[in-house]
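Here's the structure, in structure tokens; my notes come after.
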Amino acid sequence: MIRKIICTVLVSFVVCSVSVSECYGAAEDTHSIYRDNSSQVMHCRNFMECFSETLMGNSTSVSGIDTDIVRKADSDIIDQVTVEPAYGRKLELQMYEQGRWVTKQTVKLGNGRKETINLKYPYEWKKTEYTKWRIYIAGSRYGREYSSIPVRITARRYYQNPPQYIQISNSIVKRDSGGYDLSYGYMGLKVKAVNNYFGIGDSHWPRYDDDTEQHVREFQREKGIEPSGKVDKKTWLRMGFSEKDWYTLGSYVTPVKSDLSSTKDQLVEIMISTAMSYRNAPYVVGASGNTSQGTDCSGLVMQALYSAGVDPYPVSVVRHSKPGYEYESRNLFKSSRFRKIPYEDRKRGDIIFFESDEGVIIHVGIYLGNDKMVHSWPDKVMVSPVDTGEWGGIAGVRRVFN
């Protein structure tokens, strides 16, 4: 009798709809069946296991997880995962982002005790070379909380240039500071800002010349600054410009818009799409700014390359503003890291270079097909026929993606 009373109390504590006689029977039957309020069937060998399983929950076991995955980004990652106990619980696939686990996918398991599912990893793993994931199942009356060991996924780029050409990167690292002083011979957006301040110069051809230097000296004398004739950070700030612009105005880099799954054709289209987004942006010599700030022909090509993950360094937006680097097109043309292509074999996305009558490179554009190109030419970025003679003679063609 005492045994039955104890059993009844225990069963009531775990909120079960089991009669005393059923509970008593469970203690005697080594293969009993216990039915809970949700009508799910749970199997246990004896009463104490039945009680422990209901009150505390079984340990949750998950199998079929590959914890170290290396995969090319043109494929899918699918694990055949088995969970026990399942009973309709929710499985969460989580990605580690900014110091915390973020649920990217939730799967409701079947109602059986053991369920096997095909778990497909979402697209995020293709965006970055290394990502960390885990499977998480919250604790319930059917099973304890479960968290897998971290799953490391290494994504390999679907398309990459051969090693002799510029490699496609996930990001462009700024190796030159935009916080450079301005002096005689400089060009670009920071010089344009200074010239505009004094109301001198040409907005399309901003140059730090004798006139600029003289105005800067006079300004420095008025403000009690050593009249060097050069614009350093102190002079820049006294002119009312921001510290942010001092570092960023001449160093803008278009974010990389490709990812590890990008095909060669997609990379070409990313580059062209970026260049086309500059249409009607002002021509500014020595500049490579954003679409509202302006750019010249070399600067436009640089921003288009950056967007596809191609960095032609030491050609850079910062160096482009320095004396002697107005024609970065010449350095792009000389680079052995682009493939030389006969003009008659040109394709969409190739870079076409133009030369003066003396054979000096003076212009560059991006070929669109149908004998048209996008390029920056005074006074704006435009789409034009390639071979008009207006831009000079055709010097050659270079292919970015090979």
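Okay, here's what the table says:
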| read-out | value |
| --- | --- |
| Probe 1.4 Å, protein heavy atoms only - accessible area per residue of the chain in square angstrom | 49 |
| Per-residue HN-Hα couplings for the range 224-240 [Karplus 6.51, -1.76, 1.60; θ = phi - 60°; Hz; x = Gly/Pro] | x, 9, 3, x, 7, x, 10, 9, 9, 4, 4, 5, 4, 5, 5, 7, x |
| Excluding exposed DSSP-loop GluC sites (Glu not before Pro) (at most 15 other C-beta within 10 Å), longest clean stretch of the chain | 146-357 |
| Anchor K108: lysines whose Cα lies under 19 Å away (excluding residues fewer than 8 positions away in-chain) | K90, K120 |
| Prolate/oblate/rounded label for the range 271-402 (Cα gyration tensor, a/c 1.5) | rounded |
| Label-point separation, W101 to S171 (7 Å along Cα→Cβ), nm | 2.5 |
| Built amide H within the under 5 Å cut-off of G143, gap 5+ | N58 |
| Shape call, the range 235-303: gyration tensor on alpha carbons, a/c limit 1.5 | prolate |
| Most fluctuating residue given options H215, H363, H375, as computed from a GNM of the chain linking Cα atoms under 10 Å | H215 |
| Share antiparallel - DSSP beta bridges, the chain, percent rounded to 5 | 90 |
| Check: the range 123-200 dipole with +1 on Lys, Arg Cβ and -1 on Asp, Glu Cβ, in debye | 420 |
| Solvent-accessible area, 1.4 Å probe, carbon plus sulfur percent, for the chain | 48 |
| Tally of Lys pairs whose C-alpha atoms are under 21 Å apart, taken over the range 231-382, 8 or more apart or cross-chain | 13 |
| Contact order relative to length of the range 267-384, as percent, for alpha carbon pairs under 8 angstrom and 6 or more apart | 29 |
| Given charges at Cβ of Lys, Arg, Asp, Glu: the chain dipole, positive-most of V62, S228, V268 | V62 |
| Cut-off 20 Å (backbone N to label point 7 Å along Cα→Cβ of T154), residues of the range 90-126 | 96, 121, 124-126 |
| Rounded accessible area of I166 (nearest 10 Å², 1.4 Å probe) | 10 |
| Estimated inter-spin distance, E129 and D210, nm [label 7 Å along Cα→Cβ] | 5.2 |
| Whole-angstrom gap from the range 299-317 to the range 189-260, using each part's C-alpha centre | 23 |
| Structure-derived Cα Rg over 2.2 N^0.38 Å - corresponding label in (1) 1.74; (2) 1.57; (3) 1.45 | (2) |
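The values are calculated or read from the model by the stated rules, or taken from the named source; none is laboratory data. Treat the numbers as computed from the prediction; the structure is a model and nothing was measured. Every residue, glycine as well, gets a Cβ built from its backbone with ideal geometry; the counts of neighbours run over all protein chains shown. These accessible areas exclude ligands, DNA and RNA; they are computed on the full protein's heavy atoms, side chains included. Shrake-Rupley method; radii C 1.70, N 1.55, O 1.52, S 1.80 Å.
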